[in-house]
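The values are calculated or read from the model by the stated rules, or taken from the named source; none is laboratory data. Predicted, not measured: the structure shown is a model, and the values here were computed from it. Cβ placement follows ideal geometry from the backbone for every residue including glycine, while neighbour counts extend to all protein chains displayed. These area figures cover heavy atoms from the full protein model, side chains too; ligands, DNA and RNA do not enter into them. Shrake-Rupley method; radii C 1.70, N 1.55, O 1.52, S 1.80 Å.
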Amino acid sequence: MEKALSNKKIIALFLLPGLIVFLVFYFVPIVMTAYYSLQDWDGINPMAFIGLDNYTKMFTADKSFWQAVWNSLAFLLVGVLIQLPVSFGLALLVSRRMKGRKWFRNIYFFPVVMSTTMVSLLWVKIYDPNIGMLNTLMETLGLGAWTGAWLGDTKTALLSVLIVTTWHYVGYNMLILFAGMQGIPEQYYEAAKLDGATGWKAVRHITFPLLSDVLRICIVLNVIYALKTFESVYVMTNGGPLNSTTVIALKMFQEAFLKQNFGYGSALAVFMVLECLVISWVLNKVLTQEKIEY
Amino acid sequence: MFGKKFGVVAASAALVSVMLTSCGGAEANNGGTQGQEAAAADSKKSVTLWIFDADPMYQSAAEAAAAETGVELKYEYIQDETYKTKLSVALAANELPDVFQQHAGKSFRTPVLQSKTVAPLNDTLDSTGLGAQFLDNQLVTEEDGNIYSVPSNISTTLVLYYNKKLISELGAAAPATWEDLQSLVKAANDKGVIPIALGGKERWQADLLYDMLVAREDVTAFDKAIKGEAKFTDAPFVEAANKVTTLVESNAFQKGFLGSAYLDAQELFKNDKAVMWVDGSFNFSSLSAAMGDNLGYIAFPKTGAEDALSATIGFQNAEAPYSLFVNNSSANVAEAKEFAIRLSLKLNDEFVRKGLPGYAKSEVKSESQNAELSAYAADISQTVKTQAMWFGLLSADVGQEYRDLTQALYGGQLTAEEFTAQLETLLRTAE
């Protein structure tokens, strides 16, 4: 067996089925989508080649496109700048040797195991301004003046969805970071303690540096997830009201399957793929650093 | 360059794989396995049916039609909004079930016909003699002389439902005029009750209300404007838009109605939290079942120059009714055709039984119904004109843009004049 696995041709043969599956189900559809993005096509009738017209329309004539880009960026920024620090904080807390830490860890992770659709439907009910729990709770606490229409108001809809996605996925990042923290040898902290580095100093000089690889993975995953956001927005607001929560993935779906602008929907899909690739590449470049060892 | 079917499937996979995992639900697509299943079945051939109408009578009628046709039925109910997505993907990928229901309106019907995936029914209508049972002009003959569909619903229209208990508690009556409606809105708000529940998230309920308000100003306004004999910036359109603005500003709809889903808004009405509900007559059964004698009905009030029975908004038109289509790639296409026709006739019997005007001859006798449904049947027989909902007359892309535009009006982003100016630009492209 070992002899066979040292033969490069045999290794290539073993890899071939996976490569074929990848090409057929991932690479070919992407290439075809790029091809369709150059067509005027409703998905049914013969297509007509229109060059870059769909892209011109996207960047110059489609008012809701830039709104969708901004909203996708809002998901990205919240994912990286709020969700990740909160996850880090929770991971620090549950990694401490304290009573009930397993219980806390499970509680924080619990939303992750729920489907996005289920979570979104749950929060739709919580946010409901007429029968929802949130407004009722606020009124009970004497905060009646702060109640709102949450998902039905252009001023609060995006923020409301962002809160839900943060709540939903904070446990996911927490678990990854927690696992990373468990891999940091305890003697580093003990040695640091002797030097007077405790609390925040220990986090800054030991946890952060030794967790940098894990943090980078979390950032890239958060960015990709943010740019691909669809389900939560589709279920909670359907992009409304007045496009205030539209994201690229949702817009792509609406164009292709509701408006039957399959060509334009494909152009949006290509934009999304390129956006994910470029941002991920930049992040990898920016965040790559030499491995730290103590 | 690429094979069309492979191309569509591949591109659909790329577009949908990211996001549709939640939308497909648990319903399996049986298209690909039909051949194997047919081979496995020794005696009965199977027919898969997709239905979006939640009324249980569809399933019982389908079971009866399957028994008559001698086929095994695979009945799949798919929630309405999900259905629209699922069907358009299945249509593009040529993965349709044997028989499927389609919504009324050009924007839904045209893609089905253009896809060349549906079978003409003429031969079966003639050979079985069942075609003669349909009333005149109820089977749509397309330009090529073929009939591709049979009706799956009667001509349902927009009505105003009200909650009798709440209206009684307000010491009011069902509104007959614009002034009555405004007074009722004020009275309800004063008592802390929602005047009108409206599902603004999907947008269609709001655009139908606007269609109705225009029809109440002038029943010919839309027809003239779409033909280019008048403009969408004319007085009826502006006045109706102003009335929408007035309703929004007077808090006629529940808080956050732009974010409320249709079914959530309906729950507010069913559960005594909203006085009125603007919806299709197709919901009489389900609302009656939920609210019993508490459900009230009126034709939409006289909010403009036209009388209440001068016109109503219909969910279909003669050229694009609610229909059943048969997949021409079905392994059991002959059986599927006969099944679809028999199902259409069974459904007709159910409508007649309810006291509603059917689309085919029926030996079923009308059973006594609740007073509200009888009142509706009487009103609809006297209604002079049924204006097809505008969305159903527009292509899919223009229709969706129209819905976006009406949402902007309801959301206060546009004044009546701005709205109608944009309406004129948008719908002029639809000519």
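Summary of computed values
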{"item": "Protein heavy-atom accessible area occluded, B/A pair - total, 1.4 Å probe, Å²", "result": "3900"}
{"item": "Chain B: most fluctuating residue of B:276, B:212, B:291 per GNM, C-alpha cutoff 10 Å", "result": "B:291"}
{"item": "With 10 Å bins from 0: P(r) over the protein assembly as shown, alpha-carbon pairs, percent", "result": "3, 12, 21, 23, 20, 12, 6, 3, 1, 0"}
{"item": "Hz values of 3J(HN,Hα) by residue in region A:5-18 - Karplus curve (6.51, -1.76, 1.60), Gly and Pro given as x", "result": "6, 8, 8, 4, 5, 5, 4, 4, 5, 5, 7, 4, x, x"}
{"item": "Lysine pairs in region B:45-142 with Cα atoms under 22 Å, if 8 or more residues apart or on separate chains", "result": "8"}
{"item": "Zero-based 10 Å bins, Cα pair distances in region A:190-235, whole percents", "result": "24, 29, 21, 17, 8, 1"}
{"item": "Order by protection proxy (mean Cβ within 10 Å, highest first), peptides A:232-244, A:64-76", "result": "A:232-244, A:64-76"}
{"item": "Unit charges on C-beta of K, R, D, E only; dipole of chain B, Debye", "result": "420"}
{"item": "With every protein chain in place, region B:243-369: carbon and sulfur % of accessible area (1.4 Å)", "result": "48"}
{"item": "Those lysines that a straight Cα-Cα span of less than 29 Å connects to residue B:165, excepting residues fewer than 8 apart in one chain", "result": "A:125, B:186, B:191, B:201, B:243, B:255, B:270, B:273, B:302, B:354"}
{"item": "Cβ charges +1 (Lys, Arg) and -1 (Asp, Glu), total dipole of region B:87-143, debye", "result": "260"}
{"item": "All-pairs Cα distance distribution in region A:89-222, expressed in whole percent, bin size 5 Å", "result": "2, 9, 14, 15, 14, 13, 11, 9, 7, 4, 1, 0"}
{"item": "Scattering curve values for chain A, log₁₀ I(q)/I(0), Debye with Cα scatterers, q = 0.12, 0.15 Å⁻¹", "result": "-0.98, -1.22"}
{"item": "Per-residue mean of C-beta atoms belonging to partner chains within 10 Å, peptide A:255-267", "result": "5"}
{"item": "Residues of region B:242-279 with amide N under 17 Å of the 7 Å Cα→Cβ point at residue A:138", "result": "B:254-260"}
{"item": "Under-5 Å amide H pairs with residue B:46, H placed in peptide plane, nonlocal only", "result": "B:72"}
{"item": "Within 10 Å of each Cβ in A:152-161, the average number of Cβ atoms from other chains", "result": "3"}
{"item": "Residue among A:94, A:32, A:19 farthest towards the positive dipole end of region A:1-103, charges placed on Cβ", "result": "A:94"}
{"item": "Hydrodynamic radius (Kirkwood) for region A:145-227, which is based on Cα pairs only, to one decimal in Å", "result": "15.5"}
{"item": "Cα-based Kirkwood hydrodynamic radius, region B:61-119, one decimal, Å", "result": "12.8"}
{"item": "Size of charge dipole - region B:281-431 - debye, nearest 20, with Cβ of Lys, Arg +1 and Asp, Glu -1, no other charges", "result": "540"}
{"item": "Spatial separation of Cα centroids for region A:235-283 and region B:224-263, in angstrom", "result": "29"}
{"item": "For chain B, the longest site-free run once trypsin sites (Lys or Arg not before Pro) in DSSP loop states with at most 11 other Cβ atoms within 10 Å are removed", "result": "B:117-364"}
{"item": "Debye intensity ratio I(q)/I(0), log10, region B:239-297, q values 0.18, 0.22, 0.24, 0.27 Å⁻¹ (C-alpha model)", "result": "-0.71, -0.96, -1.05, -1.18"}
{"item": "Top positive-direction residue, dipole computed over the protein assembly as shown with Cβ charges, set B:282, A:268, A:48", "result": "A:268"}
{"item": "With eigenvalues of the C-alpha gyration tensor scaled by 5 and rooted, region B:323-431, Å", "result": "37, 25, 11"}
{"item": "Region A:94-111 and region B:301-361: distance between their alpha carbon centers, rounded to Å", "result": "58"}
{"item": "Exposed-site-free run, longest, chain A (rule: GluC sites (Glu not before Pro); DSSP loop; at most 13 other C-beta within 10 Å)", "result": "A:1-289"}
{"item": "Choice from A:94, A:113, A:78 showing the highest fluctuation, given a GNM over chain A with Cα pairs closer than 10 Å", "result": "A:113"}
{"item": "Stokes-Einstein D (µm²/s) once Rh is taken as the Kirkwood radius of region A:177-286 over alpha-carbon pairs, at 25 °C in 0.890 mPa s", "result": "144"}
{"item": "Where only alpha carbons of region B:310-386 are counted, the Rg and the Dmax (Å)", "result": "15.6, 48"}
{"item": "Residue among A:181, A:205, A:192 farthest towards the positive dipole end of region A:162-222, charges placed on Cβ", "result": "A:205"}
{"item": "Long-range amide H partners of residue B:134 with built H, under 5 Å", "result": "B:361"}
{"item": "Highest-MSF residue in chain A out of A:104, A:27, A:59 [GNM, Cα springs under 10 Å]", "result": "A:27"}
{"item": "Convex hull volume per residue in cubic angstrom - Cα atoms of region B:56-163", "result": "155"}
{"item": "Chain B - Rg and Dmax from Cα coordinates, angstrom", "result": "22.3, 70"}
{"item": "For region A:103-180, alpha-carbon Rg over 2.2 N^0.38 Å", "result": "1.26"}
{"item": "Relative packing of peptides A:5-13, B:141-149 - highest average C-beta neighbours within 10 Å first", "result": "B:141-149, A:5-13"}
{"item": "Amide H contacts under 5 Å for residue A:40, placed H, 5+ residues apart", "result": "A:48, A:49, A:50"}
{"item": "Principal semi-axes in Å for region B:175-290 [√(5λ), Cα gyration tensor, largest first]", "result": "27, 17, 13"}
{"item": "Reachable aspartates and glutamates, given that their alpha-carbon falls under 16 Å from the alpha-carbon of residue A:63 and they are not under 8 places away in the same chain", "result": "A:53, A:255, B:397, B:401, B:404"}
{"item": "Integer Hz, Karplus 6.51/-1.76/1.60 couplings in order for region B:269-280, x for Gly and Pro", "result": "5, 4, 9, 6, 9, 10, 7, 10, 8, 9, 7, x"}
{"item": "Cα-based equivalent ellipsoid of region A:1-102: semi-axis lengths in Å, sorted from largest, via gyration tensor", "result": "40, 35, 10"}
{"item": "Largest-first principal axis extents of the Cα set of region B:97-252 (Å)", "result": "63, 41, 29"}
{"item": "DSSP-loop GluC sites (Glu not before Pro) across region B:184-241, with at most 13 other Cβ within 10 angstrom", "result": "B:229"}
{"item": "Nearest-0.05 FRET efficiency for residue A:118 and residue B:227, computed from C-beta distance (R0 41 Å)", "result": "0.25"}
{"item": "Within 10 Å of each Cβ in B:249-259, the average number of Cβ atoms from other chains", "result": "6"}
{"item": "Projected label distance in nm at residue A:182 and residue A:277, using a 7 Å step from Cα toward the beta-carbon", "result": "3.7"}
